[in-house]
1. Per-residue ellipticity at 222 nm for the protein assembly as shown, helices alone: DSSP H runs ≥ 4 residues times -39500 (n - 2.57), over residue total, nearest 500 deg cm²/dmol?
2. Fewest first, what order do B:263, A:185 take by the number of other Cβ atoms within 10 Å?
3. Given the pairs B:133/B:232; A:234/A:277; B:54/B:133; B:189/B:232; A:88/A:234; B:27/B:232, which span a C-alpha to C-alpha distance of over 25 angstrom in this model?
4. Report for chain B the percent antiparallel among DSSP-assigned beta bridges with both residues inside it, nearest 5.
5. Build a GNM of chain A with springs between Cα atoms under 10 Å: which of A:57, A:126, A:305 gets the top mean-square fluctuation?
6. Please report, in Å, the Rg and the Dmax of chain B, where both are computed over Cα atoms only.
7. So what is the relative contact order of chain A, in percent, for Cα pairs below 8 Å that sit 6 or more residues apart?
8. Could you tell me whether the stretch B:218-276 comes out rounded, prolate or oblate from its Cα gyration tensor? Rule is a ≥ b ≥ c as square roots of the eigenvalues, rounded for a/c under 1.5, then prolate if a/b exceeds b/c, otherwise oblate.
Amino acid sequence: MSEATASVPRIASWSGFSQVKLGNREALARAVMLLLGVLLVATMLAGLAIGPISVPVLELVPHLARHIASPVEGAPDGVLLRDWIVVKDIRLPRVVLGALVGAALAVSGAVMQGLFRNPLADPGIVGVSAGAGLGAALFIVLGNTALASVMSLLGIYAVPLAAFVGGLITTLLLYRIGTRGGITSVATLLLAGIALGALTGAMTGLLVYVADDQELRDLQFWGLGSLAGANWEKVASAAPIILVMLFCVPFLSRGLNGLTLGEAAASHIGIRVQRLKNIAILLVAAATGASVAVSGGIGFVGIVVPHLLRLTIGPDHRYLLPASALLGACLLIAADTLSRTIVAPAEMPIGIITAFAGAPFFLWILLRKRGLTGL
Amino acid sequence: MLHQKIDPSTNVDRNLCAENVSISIGKTPIVRDVSFEAASGELLAIIGPSGSGKTTLLRALTGELSYEGHAFLSGRELGGMSAEDQAVLRGVLPQISQISFPLTVSEVVALGLLDRRAGRLQRETRISEALAKVGLAGFEGRTYQDLSGGEQQRTQLARVLCQVWDPVPADGQPRWLFLDEPVSSLDIKHQYQIMHLAADYAARGGGVVAVMHDLNLTAEFANKVLVMKCGKQLAYGSNESVMCSGTLTTAYDFQLDLVEVRSGRKLFLHPAPVKI
């Protein structure tokens, strides 16, 4: 309609852009996802190859595939036992764990931002990771004493489950505090997150007094966030929870898209908002809990990844969620590879690297959005 | 355009009925004992001063708030219908619509397309048609957050139209538009455009319930009018019976005269310069 476009002359100069149709952003999103898939494979190979010992990774990949199909003792013919052990028992579990944790953190961030309708919501920022950390720390410190019976019952799942419960309680509290009449106040949310984070952090701090030396070291290193000590047992404890979450989350896409209109309007277009919120909170708490339990508090992945992707492919959750999983996995493997080479032979906790990159990024978003968020 | 006259009295199941509806928020009663019947094929306007319970009433009819009494849409009690079932039968235009992420106009409108079997071309065509209807043709790729208030409101209306596109689709059940102050942030030309659009939807057999502030637009376009005051129903009936200076003066506690202007149209005006 001519009079409608005439009333907004400022778009006339770039009217080519105003003709963008629904399909273009979708095509872009698919291309970006394909690219990220390729990037993930490349990052994983790099993660296997790079380290104090250089390993001919491409030669080893077919052997690894065969080994997974039918495991055999010892190194395959023509492969150094040292290379085989380094790749199979040290680097591969670490790369796999990095991919799982990175995907879980990025997707948790994206879901939480959709749920709270704000690009700054993230399990790390609003204290959910701290709550999960308290749950995990309880079992790290008291697992052999006060909680020994629970520990023996749940085995390797005790710490992830405790972290899940800790994260769940914090998320529910946050939602109750930050949301009123279907509207989430960002200021309240962030402030409540600070308070809850401080409270759970203090409780975790109390545990220091009852921890022995080994537990103390575990606790401290783990608190900074690290994938060191990754092994197949840790992968086995976190993978089921994270994979279930990654599998379920695409079913929330349409609901989260609807939620951008607000809770009332989302229900008007047929979305069962309360059910959506319950499922989303449960999944985020579970995945955050599982990640925190195996790798501690790795921050900012959940903020940076979805934000970068929204700038590129737009906020449609059908593409944002899977793309976040892929990019999150890539970034965390890359950061971890960096963390174990930058001060080699020592290791830097990966949380330091993600914070160095992520915190300025977070400030940048804040500055860009200042005045828009009503903070 | 098909202007088919539908006799609402023949089939009560096609109507929106409220019987002694009362609504409380917390323990505060907001709306008390409201009864009306809106027929498909008609535009029902809900008017009254600010705080009289108009929006609250609409929020109860859209499943947002619980109510006492009975309210039926197409013969089914609203309180017992799922969000999905209600979404098939009616679209809701909210008063304020802020969007949390930078969606494009066409992505916002696409949220109203509930039929997920539709192909991409079909969806894009429908989105463009809806945008053209609200006077926003060519706005598909614009970012919603960059639009003016009035453009945002019309984008939302396009989304609502997509949700209940056919006033009476193949299943024979009329569809409904619930509009909360649909023209509040529009200029006068677009006010008329949107009111014509709503009236046309009703004329084609759909139902329209609109919360209105503009009495003259109400007098011009509504078939029936419900007047609210202090949470109660002050008057309800046909446009001609309700829209008179006596009822409106009582409703708003403000002197309103009916003035006939050139071409025979009637306008409600305050008789003297306002002294407050």
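1. -17000 deg cm²/dmol
2. Details: B:263 5, A:185 17.
In order of increasing Cβ crowding within 10 Å: B:263, A:185.
3. Working: B:133/B:232 35 Å; A:234/A:277 29 Å; B:54/B:133 27 Å; B:189/B:232 33 Å; A:88/A:234 15 Å; B:27/B:232 17 Å.
From B:133/B:232; A:234/A:277; B:54/B:133; B:189/B:232; A:88/A:234; B:27/B:232, over 25 Å: B:133/B:232; A:234/A:277; B:54/B:133; B:189/B:232.
4. Values: 25 of 42 bridges.
DSSP beta bridges in chain B are roughly 60 percent antiparallel.
5. Fluctuation is largest for A:57.
6. 18.7, 59
7. 29 percent
8. Values: a/c = 2.76, a/b = 1.10, b/c = 2.50.
Judged from the Cα gyration tensor, the stretch B:218-276 comes out oblate (a/c at least 1.5, b/c at or above a/b).
Computed from the coordinates by the stated procedures, all read-outs in this text should not be read as laboratory data. What you are looking at is a predicted structure, and each value in this text was computed from that prediction instead of being measured. Cβ atoms come from the backbone with ideal geometry, glycine included; neighbour counts cover every protein chain shown.
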